[in-house]
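Below: one structure, written as structure tokens.
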């Protein structure tokens, strides 16, 4: 016996099928974002990530004494000796002068005098579980201390996120600039830093057309600093970051479910860029990482 199936029944079955397929795709996407978040927190908790930054000491022109004694310009933890040496800042160049016998090494070997370039991992000086190096905070130079036993790392309570919502996974229009545009932006702890924007993205959200400038912090790696109205209550007050994938065919994906806090949200010894005026959005984007408590 043959069963007659109406066209409306077939259409309904097709609708249910595509609905289920959409739900499966959404579930897969949600799981991928949740894994990204877990991986991000695992990295943040690592032995050499932002939670290990344990000190920031701004340098003044001339000699800056350092050691574990309280009377030094820069006080570092034991096993650094009470008087370990000094950093000489001269016209933007920093040279470390280390006293004889101080247990400080570079590349596993004792050093006495060495020039240190800003934010260069190979230039780190090491003493026990701590390391220190020159950091550029805009036009100012500082000594940044890292210690895998830092109290901030021990006290870290974990991150908080908005639920994943595909509404905030946006495919925006991409416009590359003929050449990078240089701009001055503010940084936390004061001062200005120079940045370069390589293009901008435009998109519609809640009936409004928005534009965001995007930079490139290393070859092929795009980087965006922005703020939205959730900063008043739910997200970090200064800014959030987003790392979009490379654009393709005039489009770029901005997945705000992966927006994350700058290190300054957890650590007072870090320096972070503030969003440019054009990247301070007058809409709320309740997606990505929430404020750290």
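Using the Cβ-Cβ distance between residue 216 and residue 282 with R0 = 25 Å, the FRET efficiency computed as 1/(1 + (r/R0)^6) comes to roughly 0.45. Label sites at residue 229 and residue 61, each approximated as a point 7 angstrom past Cα along Cα to Cβ, lie 4.8 nm apart. Report the Cα centroid-to-centroid distance between segment 254-270 and segment 128-159 in angstrom, as an integer. So the two Cα centres are separated by 16 Å. Quick check on segment 52-155: take the gyration tensor over C-alpha atoms, sort the square-rooted eigenvalues as a ≥ b ≥ c, and tell me if it's rounded (a/c under 1.5), prolate or oblate. Since a/c stays below 1.5, the shape of segment 52-155 is classed as rounded. Can you classify segment 71-116 as rounded, prolate or oblate using the Cα gyration tensor, where a ≥ b ≥ c are the square roots of its eigenvalues, rounded means a/c under 1.5, and otherwise it's prolate if a/b beats b/c and oblate if not? It is oblate, given that a/c is not under 1.5 and a/b is not larger than b/c.
The value given for segment 157-279 is a Kirkwood hydrodynamic radius of 15.3 Å, derived from the mean inverse Cα-Cα separation. Roughly what angle does helix 7-44 make with the longest principal axis of the chain, taking Cα atoms, 0 to 90 degrees, to the nearest 10? Value to nearest ten degrees: 0. Here the chain was treated as a single set of alpha-carbon atoms; its pair distances binned every 5 Å from 0 give 1, 5, 10, 13, 14, 13, 11, 9, 8, 5, 4, 2, 2, 1, 1, 1, 1, 0, 0, 0 percent. Listed by Cβ neighbour count within 10 Å, with the fewest neighbours leading, 63, 194 appear as 194, 63. Extending 7 Å from the Cα toward the beta-carbon at both residue 124 and residue 175 defines two label points whose distance is 4.2 nm.
Bear in mind these aren't lab numbers, they're just calculated from the coordinates by the rules spelled out. In this text, all values refer to a predicted model and were calculated from it rather than measured experimentally. Virtual Cβ from ideal backbone geometry, glycine too; neighbours counted across all protein chains shown.
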